[in-house]
Amino acid sequence: MKYCLLILFFSLLSCTNAKKENQSKVVVLQPFGDFKTDQAKNVLVQVKTINPNVALRQNISFPENSYYKPRNRYRADSIIEFLRNTVGKDSVVIGLSNSDISTTKNGIKDWGIMGLGYRPGKSCVVSDFRMAGKNSNQQFYKVVLHELGHTEGLSHCAVKTCLMRDAERGNHLDEEKDFCKKCKSFLMNKGWQLI
């Protein structure tokens, strides 16, 4: 009888641990500067389709050390460093910006970008500054998903229609349709609710 109870206990414990591994993190949206409230609420609604655990914070100022005066931009790496200390281990935070952001890439000190996220990581940042007019909301959300994918551990994908495609010095967001089968499977194992 004791043996049966022990087996039952460890079976339940195993199921509970597996369930915890497949639960998605809380996604925290952190708007910076004068990021538009309607745009932030739109991102909130969209992210809730893949993860119901989303929180939208009030706008805050960019970290002082993130401003790069020579190009009137904000350093994405400094923003990420600031953000990662604002959430617990069960959360990921994404900075939302209408201002231009940059990072160091391929030997260029100040490379303008649409988003940045480390893999894996607890924080990332996205800007709509470089996005095209009529599809800018859809493009912005695609970059949000892309950077959140990096925080989960995904690298860039070679599939041209995958949301994890590398920007490769351009805006190919209208060509990207969804996560490819491999990337989607990876994210679903992390608890993302993808169809």
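The alpha-carbon of Lys105 sits under 15 angstrom from the alpha-carbons of these aspartates and glutamates, leaving out residues fewer than 8 places away in its chain: Asp77, Asp166, Glu168. One chain, two ends: Met188 and Asn42. Fully extended at 0.36 nm per residue, the span grows by 50.3 nm beyond their Cα-Cα distance. Fully extending the segment from Ile60 to Ala158, taken as 0.36 nm per residue of separation minus the present Cα-Cα distance, adds 31.7 nm. Taking trypsin sites (Lys or Arg not before Pro) across the stretch 70-158, the ones in a DSSP loop with at most 15 further Cβ atoms lying within 10 angstrom of their Cβ are Lys89, Lys134.
Measuring against 28 Å, Cα to Cα, the residue pairs Lys134/Lys182; Lys36/Lys184; Lys122/Lys142; Lys109/Lys182; Lys142/Lys182 contain Lys134/Lys182; Lys36/Lys184; Lys109/Lys182 as the ones spanning a longer distance. Show which aspartates and glutamates lie in cross-link reach of Lys190 when reach means a straight Cα distance below 19 angstrom and same-chain residues fewer than eight apart are skipped. Cα-Cα hits under 19 Å: Glu21, Asp90, Glu147, Glu152, Asp178. Once Rg and the Kirkwood radius are both taken over the C-alpha atoms of the chain, their ratio Rg/Rh works out to 1.05.
Contact order for the stretch 102-186, expressed relative to its length and based on alpha carbon pairs under 8 Å spaced 6+ residues apart, stands at 22 percent.
Computed over protein heavy atoms with a 1.4 Å probe, the carbon and sulfur contribution to the accessible area of the chain reaches 54%. About its Cα centre, the dipole of the stretch 23-165 is roughly 260 debye, where the only charges are +1 on Lys and Arg Cβ and -1 on Asp and Glu Cβ.
Accessible area per residue for the stretch 46-185, computed on protein heavy atoms with a 1.4 Å probe, is 51 Å². Can you check what the net charge comes to around Asn42, using other residues whose Cβ is under 14 Å from the Cβ of Asn42 (Lys, Arg +1; Asp, Glu -1)? In short, +2.
The values are calculated or read from the model by the stated rules, or taken from the named source; none is laboratory data. It should be emphasised that the depicted structure is a prediction, and the values quoted were computed from it without experimental measurement. Counting neighbours? That spans all protein chains shown, and the Cβs are built from the backbone with ideal geometry, glycine included. Just so you know, the surface numbers come from the protein's heavy atoms only, side chains and all, with ligands and any DNA or RNA stripped out. Shrake-Rupley method; radii C 1.70, N 1.55, O 1.52, S 1.80 Å.
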